[in-house]
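Down below is the structure, laid out as structure tokens.
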Amino acid sequence: MTINGYLQLILYVLVLLLLSWPLGLFMAKIYGETLPGSVRWLSPVERGLYRLCGIRQHDDMSWTRYAFAVLSFNLMGLLAVYLLQRVQVWLPFNPQAMANVTPDGSFNTAVSFATNTNWQDYGGETTLSYLTQMLGLTVQNFVSAATGMAVMAALMRGFTRRERDGIGNFWVDMVRSTLYVLLPLSLVLALLLVSQGVIQTFSPYQSAQLVEPVAYEEPVIAPDGQPRKDEKGQPVTEKKTTKEQVIALGPAASQVAIKQLGTNGGGFFNVNSAHPLENPTPLSNLLELLAILLIPSAFCITFGRFVGDVRQGKAILVAMTIVFVALLMFCVSAEQSGNPLFARLGLETQASDQAAGGNMEGKETRFGIVNSALWATATTAASNGSVNAMHDSFTPLGGLVPMWMIQLGEVIFGGVGSGLYGMIVFALVGVFVSGLMIGRTPEYLGKKVEAFEMKMAAVVILTPCLAVLIGTAVAVVSEAGRAGIANPGIHGFSEILYAFSSAGNNNGSAFGGLSVNTPFYNILLGVAMLLARYWVIVPVLAIAGSLAAKKSIPPSAGTLPTHTPLFVVLLIGTVIVVGALTFLPALALGPIVEHVQMINGH
Amino acid sequence: MIKELKPALWMLLLMSVLTGVLYPALVTGLAQLLFPHEATGSLLENNGQTVGSNLIGQPFSDPRYFWGRPSATSPMPYNAAASSGSNLGPLNPALQEAVEARITALKESDPSQKLPIPVDLVTTSASGLDPHISPAAALWQLPRVARMRNMSEQEVKQLVQQHTAGRTFGILGEPRVNVLTLNLALDRRKPQ
């Protein structure tokens, strides 16, 4: 890697950690009793919302009631996005007259955005109206993120409360997350992105005169609406020439800002943040990259401050950062080493000040190798899933990094709220295992970790693993599953494994060659997304409720301190061991074999 | 427990107004006020006609123009109404075939150019709309364009440099040449 490459990576990590600190402290206040002065002027809006909805702000919810509020709110959101897609052709703000989306496609997208996965089975600019993008997707980008943050706030209260039934009020946590954190940050980020060239307009698509007319082959459509095929089953095409380029527009910046901040990741356009109108410059790229990890990283500080010992949060943040940096370096070096094929064909692949070199298939010139690999690692560390390069075209080991990052359970930063609550569950398992080793009752932050917490932790950790592995197995053995494969050989298996890893951990990125807009994948991946979201949220709330009801015990000589380097190692070890044991066999069949094939020149 | 359904419905409605109507409307208003050119696609005009966007590439195959990155959009390359990458895996035989064909086309366009071809010039971009090539890829094509247009290499080089952007703040991103604005400048210089 070049010196500039190192500089870009160091700059990113440093700025990220610096920004996380003040935001983390701010967020600790908004989940407390009294709001910080800087946002108190907004509180009439907050109280107005409660009044209109008939919510009593100081109603303390038990964990079951909290979970029911989460589920009913998310169900309403899911239904709204489904309905919007099914009737969009009759609604306003549809200048390109986008047709209604199919039932299975609408189900998949509705689930995808309600669960904060933001998997895209569609191409934004060819499928969705401006209204659906705003009123359906943008809204869910906010509230699904706020849902994750609320659940995390409830878990924090589990640690601070003693012998109490309640863990807070979901509506208050959700509204505060949206109003005081997500909305202000999105507004600022959206305008910064527009200044770089991200579009924000309600105009219809713009036609431009090409400098050089282009000849192309257009598939002939038979009267039944299907592409016509010849006797050999090849699509029939006719020669055409066009002098025009139609440029897709729309209200993108407002959605891109929250898609990054809320770790949603669903792009306005088909190619997501690789699109020049969604991510036009290296600066917009840095801003979007920072937004991906900002809130998940800040939440560690929030957690530490909230439980009264910032060191606790810092230890978790350090563990996340270590894993992130290690996998990041691996991904950059794999992509920079590139595809031996390109060197064999006599191409210039060395990085220099004149060209990025490396594996440039599926990457943009302005981002080159370093920023594409950095993005791939960050977007999968977080459960973001937006992309600025095509993961499907990464080298086998370069593609293994995002895939494994997802499979670790989206706890290395992870989603907003959801990443940290997942990581805390791993911390509980970590202290439990070490507690057994030293023969003491395990405890974390003054709370005894007992059988109930461990059962719930097992559900949290194992559900996504099962969704990924069983889903992949079903798709691989079924005709409908294999029909979607785009790349021959081992890579086709990797495409399926990646798809279920992504859905089964609510990430949303893809090896995009796989054709997933079919009833088979839409439904199976939709179910995987639902399991991965709610079979984690409900047990986490159960843990929160159970912890809140416990006494707090003062640390003793037998207590394992949870802010030390030893604990950091223990936490990383727990995450890696679970992730490696569960997925190494599948990874060996996919990217690892493919890498061996590649270096052997097949 | 059923009593949470009513606040859920109301909250969704109010949140939809707040984040799905007011927020995008506010961003649009401010964007159109502060950055009207950027917010509407950074469009380029020539004699009152829209000739493209500063941020969106166009297909070029005439040897008198600099060529951009190969594009995997369909049915035509650089289809800015349906962005797409190739999604070809590193070992897909189709990738090798496509890259070999592009190498052949480039070598035929300038048999005297003996420098190795920069990899970005024969691999598809992620969006299919990449407006840029690396400075090395522009340099590789420079003698051809100069010859086809009866310009001195020095003259073309100056134009290339005018349309080259360095790393932002000297650190971020990669140096790059905007192919569309460069070709428009070439046409302005030596009208056909």
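The values are calculated or read from the model by the stated rules, or taken from the named source; none is laboratory data. This is a predicted model, so every value here is computed, not measured. Glycine also receives a Cβ, built like all others from the backbone with ideal geometry; neighbour counts cover every protein chain displayed. Protein only, heavy atoms only, side chains kept; ligands, DNA and RNA dropped before computing areas. Shrake-Rupley method; radii C 1.70, N 1.55, O 1.52, S 1.80 Å.
Here region A:219-269 is treated as an ellipsoid with the same Cα gyration tensor; its semi-axes, largest first and in whole Å, are 38, 17, 9. Between region A:315-337 and region A:12-27, the alpha-carbon centres lie 18 Å apart. Taking all C-alpha pairs of region B:98-192, those more than 17 Å from each other amount to 55 percent. Taking the inverse of the mean 1/r over every pair of distinct Cα atoms in region A:206-247 gives a Kirkwood hydrodynamic radius of 11.9 Å.
Shape verdict for region B:48-120, please, from the Cα gyration tensor: rounded (a/c under 1.5), prolate (a/b greater than b/c) or oblate. Taking the square roots of the gyration eigenvalues as a ≥ b ≥ c, region B:48-120 is oblate.
Centre-to-centre separation between the Cα atoms of region A:439-476 and those of region B:113-192: 54 Å.
Can you bin chain B into rounded, prolate or oblate? Criterion: square roots of the alpha carbon gyration tensor eigenvalues sorted a ≥ b ≥ c, rounded for a/c under 1.5, prolate for a/b above b/c, oblate for the rest. Because a/c hits 1.5 or more and a/b exceeds b/c, chain B counts as prolate. Report note on the peptides A:335-345, B:50-60, A:230-240: ranked by the mean count of other C-beta atoms within 10 Å, highest first, their order is B:50-60, A:335-345, A:230-240. Shown here for region B:79-178: trypsin sites (Lys or Arg not before Pro) in loop regions (DSSP other than H, G, I, E, B) with at most 13 other Cβ atoms within 10 Å, namely B:Lys114. Computed over the alpha-carbon pairs of region A:150-225, the distance histogram in 10 Å steps reads 13, 19, 19, 16, 14, 12, 6, 1 percent, short to long. Across the alpha-carbon atoms of region A:1-70, the computed radius of gyration and Dmax are 19.7, 59 angstrom. Rg/Rh for region A:478-602 to two decimals, with Rh computed the Kirkwood way over all alpha-carbon pairs. Over the Cα atoms of region A:478-602, Rg/Rh equals 1.13. GNM on chain B, alpha-carbon springs under 10 angstrom: the most fluctuating residue among B:Asn150, B:Asn92, B:Asn178 is B:Asn92. Relative to the globular-protein estimate of 2.2 N^0.38 Å, the Cα radius of gyration of region B:15-64 stands at 1.71. Computed over region B:1-84, the quotient of the alpha carbon radius of gyration and 2.2 N^0.38 Å is 1.82. When each of the peptides A:440-452, A:158-170, A:279-291 is scored by the mean number of other C-beta atoms lying within 10 Å of its residues, the order from highest to lowest reads A:279-291, A:158-170, A:440-452. Going by a ≥ b ≥ c, the root eigenvalues of the Cα gyration tensor, does region A:261-406 fall in the rounded group (a/c under 1.5), the prolate group (a/b larger than b/c) or the oblate group? Cα axes put region A:261-406 in the prolate bin.
Can you tell me the convex hull volume per residue for the protein assembly as shown, based on C-alpha atoms, in Å³ to the nearest whole number? Dividing the Cα hull volume of the protein assembly as shown by its residue count gives 155 Å³.
Note that the protein assembly as shown presents 35 Å² accessible area per residue, ligands and nucleic acids not counted, probe 1.4 Å. Net charge dipole, chain B: roughly 220 debye, given to the nearest 20, about the Cα centre with Cβ charges of +1 for Lys and Arg and -1 for Asp and Glu.
Can you list the residues of region A:335-361 whose accessible area drops by at least 30 Å² going from the chain on its own to the full set of protein chains, with a 1.4 Å probe? SASA drop of 30 Å² or more in region A:335-361: A:Asn339, A:Leu341, A:Phe342, A:Leu345, A:Leu347, A:Glu348, A:Asp353, A:Gln354, A:Ala355, A:Met360, A:Glu361. Protection proxy ranking, highest mean first, for peptides A:472-483, A:36-47: A:472-483, A:36-47, where packing is the per-residue count of other beta-carbon atoms within 10 Å, averaged. In region A:407-548, the C-alpha radius of gyration followed by the widest Cα-Cα span (Dmax) gives 17.6, 54 angstrom. Per residue of A:136-143, other chain Cβ atoms within 10 Å of the residue Cβ number 5 on average. Projected over every direction and averaged, the convex hull enclosing the alpha-carbon atoms of region A:20-159 yields 10.7 nm². Per-residue shielding of B:159-166, expressed as the average number of other chain Cβ atoms within 10 Å of the residue Cβ, stands at 1. Spatial offset of region A:557-592 relative to region B:21-84 amounts to 46 Å, using the alpha carbon center of each.
Take each residue in A:186-196, count the other chain C-beta atoms within 10 Å of its C-beta, and the mean is 4.
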